[in-house]
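Engineer: Attaching a single structure in structure tokens format; questions to follow.
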Amino acid sequence: TITPEFVQGLPKAELHLHIEGTLEPDLKLKLAQRNHIDIGQSTIEEVQQTYQYNDLASFLAVYYPAMNVLQTEQDFYDLAFSYLQKAAANNVRHVEIFFDPQAHTSRGIQFATVINGLHRAIVDARALNVDAALIMCFLRDFTKESARQTLLEGLKYSDKIIGVGLDSDEHNNPPLKFSQQFADAAAAGLHLTSHCDIDQKDSIDHIRQALEMMDVERLDHGTNIVEDPDLVELLVKKHIGLTACPLSNSFVSPDMKGKEITQLLDKGVEVSINSDDPAYFGGYISDNYYAVADKYNLTKDQVVQLARNSFTSSWISPEKKQLYL
Ligand code: ADE
Ligand code: ZN
């Protein structure tokens, strides 16, 4: 049987991790104090009591206001470096980190403040044997004009960003809303991925748009693609990775989607296990592997395959990928 030690020891890549979602209550309190911000709570327990959500919208309503404590470059450094230390402890060798520039620029923080802090932490984490890169996400509930501006800013730092993604509230915000920005990002040499959250009413439609009309290279969540065998076949044919997040799913949907993950593995889809927003969803990457392996009785081979998939579907250069496979 699978043990926590076994999953912890497996070398892994993490491909679906929002850096803002790694803001632990203790760091939140420390930054609030450092920046003289009243967040309305003063103990870890009080902060944790505000973590009540049962769907994507109610989660996001807790998640965005918490970011107010992030003000300076050092704050973004501290956020990222404390995550990267946890990644190292989880045997994560490579991580592609999402960040939401608009969640910060929309409250008056400079793009440069955000990216310089995150990037400096990434440079320092090389000493921990963790290789990290940044994926800039557009907030899909903001306008495409705002995404356009954000892309222009991001392109000034194109040596520090490997791709673009799409996150936040999916309701009535289909991938195609951002087709122009994705095409522009691809033309600038950036990789493409998109959240297609499970249990959203138009999810299958959104998955189809992302795959067939926008040429994304990965899908984030999206496990309900199993409802459509033709789309699953397309994933396999085009080697498109799918980044599942079991503990996150168990908060915003009825379960961890272990059945869907197993079916996708059986069909040869490059599905991987990730932590999404670990400070909010009760666990880091090894906790996610263990939870799904334990609950759905995954075999050792299946767990090893999930970890292999995390490297195969990563955006590590092909030469470097060989080192992990
Ligand atoms: N932002 C952070 N986590 C997210 C998720 N799982 N879906 C959409 N937006 C997010
Ligand atoms: Zn996510």
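Engineer: Given the conditions (1) touching a residue at least 24 places away in the same chain (Cβ under 8 Å); (2) more than 17 Å from H18 (Cβ to Cβ), which single one is not true for R126?
Structural biologist: Exception for R126: condition (1).
Engineer: In this structure, does S275 turn out to be more than 16 Å from ligand 2 (Cβ to nearest atom), more than 30 Å from Q180 (Cβ to Cβ), in contact with a helix residue (DSSP H, G or I) (Cβ under 8 Å, 6 or more places away or on another chain) and in contact (Cβ under 8 Å) with a residue 60 or more places away in the chain?
Structural biologist: In short, no.
Engineer: Filter the helices (runs of 4 or more DSSP H) completely within the stretch 228-325 down to those with at least 1 residues that are touching a His at 6+ places or on another chain (Cβ under 8 Å) and more than 24 Å from E170 (Cα to Cα). Spell out the reasoning first.
Structural biologist: Details: elements: 229-237, 246-252, 258-266, 285-295, 300-312, 318-321.
It comes to 300-312.
Engineer: So V216 fits all but one of (1) in a loop (DSSP other than H, G, I, E, B); (2) farther than 24 Å from D202 by Cβ; (3) within 21 Å of the chain's Cα centre (by Cα); what number is the exception?
Structural biologist: It fails just one condition, (2).
Engineer: Tell me whether the stretch 186-193 contains one or more residues that are touching a residue at least 24 places away in the same chain (Cβ under 8 Å) and farther than 19 Å from S146 by Cα.
Structural biologist: Yes: the stretch 186-193 contains one or more residues that are touching a residue at least 24 places away in the same chain (Cβ under 8 Å) and farther than 19 Å from S146 by Cα.
Engineer: Mind checking whether some residue in the stretch 132-145 is charged (D, E, K, R), within 24 Å of V92 (Cα to Cα), within 16 Å of ligand 1 (Cβ to nearest atom) and not in a helix (DSSP H, G or I)? Quick ask: steps written out before the conclusion?
Structural biologist: So the first thing to find is which residues in the stretch 132-145 are charged (D, E, K, R), and the list is 140-141, 144-145.
Filter once more, so that each one left must be within 24 Å of V92 (Cα to Cα): none.
Looking through the stretch 132-145, none of the residues is charged (D, E, K, R), within 24 Å of V92 (Cα to Cα), within 16 Å of ligand 1 (Cβ to nearest atom) and not in a helix (DSSP H, G or I).
Engineer: I'm trying to understand the selection: among the residues of the stretch 66-102, which are away from ligand 2 (no atom under 16 Å from the Cβ) and of a type in the set (F, W, Y)?
Structural biologist: F76, Y77, F81
Engineer: Determine whether A57 is within 16 Å of ligand 2 (Cβ to nearest atom) and closer than 27 Å to I273 by Cβ.
Structural biologist: Values: within 16 Å of ligand 2 (Cβ to nearest atom): yes; closer than 27 Å to I273 by Cβ: yes.
Answer is yes for this residue.
Engineer: Still on this structure: Can you tell me which residues in the stretch 62-76 are more than 21 Å from V164 (Cα to Cα) and within 18 Å of the chain's Cα centre (by Cα)?
Structural biologist: V62, A66, listed by residue number.
Engineer: Since Y63 meets every condition but one in (1) more than 16 Å from ligand 2 (Cβ to nearest atom); (2) in a helix (DSSP H, G or I), which condition does it not meet?
Structural biologist: Unmet condition: (1).
Engineer: Does the stretch 215-232 hold any residues that are acidic (D, E) and in contact (Cβ under 8 Å) with a residue 24 or more places away in the chain, and which are they? Quick ask: steps written out before the conclusion?
Structural biologist: First, pick out the residues of the stretch 215-232 that are acidic (D, E): 215, 217, 220, 227-228, 230.
Selection gives D215, E217, D220, D228.
Engineer: Same structure again: Answer yes or no: is there a residue in the stretch 149-170 that is closer than 30 Å to D255 by Cα and more than 16 Å from ligand 2 (Cβ to nearest atom). Can you show your working first?
Structural biologist: Of all residues in the stretch 149-170, those closer than 30 Å to D255 by Cα come to 163-170.
If we keep only those that are more than 16 Å from ligand 2 (Cβ to nearest atom) as well, we get none.
Looking for residues that are closer than 30 Å to D255 by Cα and more than 16 Å from ligand 2 (Cβ to nearest atom), one finds none in the stretch 149-170, hence no.
Engineer: Can you name every residue in the stretch 154-197 that is part of a strand (DSSP E or B) and charged (D, E, K, R)?
Structural biologist: Initially, the stretch 154-197 is screened for residues part of a strand (DSSP E or B), giving 163-167, 191-196.
The one that is part of a strand (DSSP E or B) and charged (D, E, K, R): D167.
Engineer: Can you tell me which residue in the stretch 51-94 is farthest from ligand 1 (Cβ to nearest atom), limited to those that are farther than 23 Å from K30 by Cβ, surrounded by 15 or more Cβ atoms within 10 Å (Cβ to Cβ) and of a type in the set (A, V, I, L, M)?
Structural biologist: Among residues in the stretch 51-94 that are farther than 23 Å from K30 by Cβ, surrounded by 15 or more Cβ atoms within 10 Å (Cβ to Cβ) and of a type in the set (A, V, I, L, M), the one farthest from ligand 1 (Cβ to nearest atom) is V92.
Engineer: Another one. I'd like to verify a number: residues in the stretch 15-50 that are touching a residue at least 24 places away in the same chain (Cβ under 8 Å), polar (S, T, N, Q) and away from ligand 1 (no atom under 16 Å from the Cβ), how many?
Structural biologist: So the answer is 1.
Here, each number is a calculation from the coordinates, and none is a lab measurement. Just so you know, these numbers come straight off a predicted model, no measurement behind them. Neighbour counts are summed over all protein chains in view; Cβ atoms, including those assigned to glycine, are modelled from backbone coordinates with ideal geometry.
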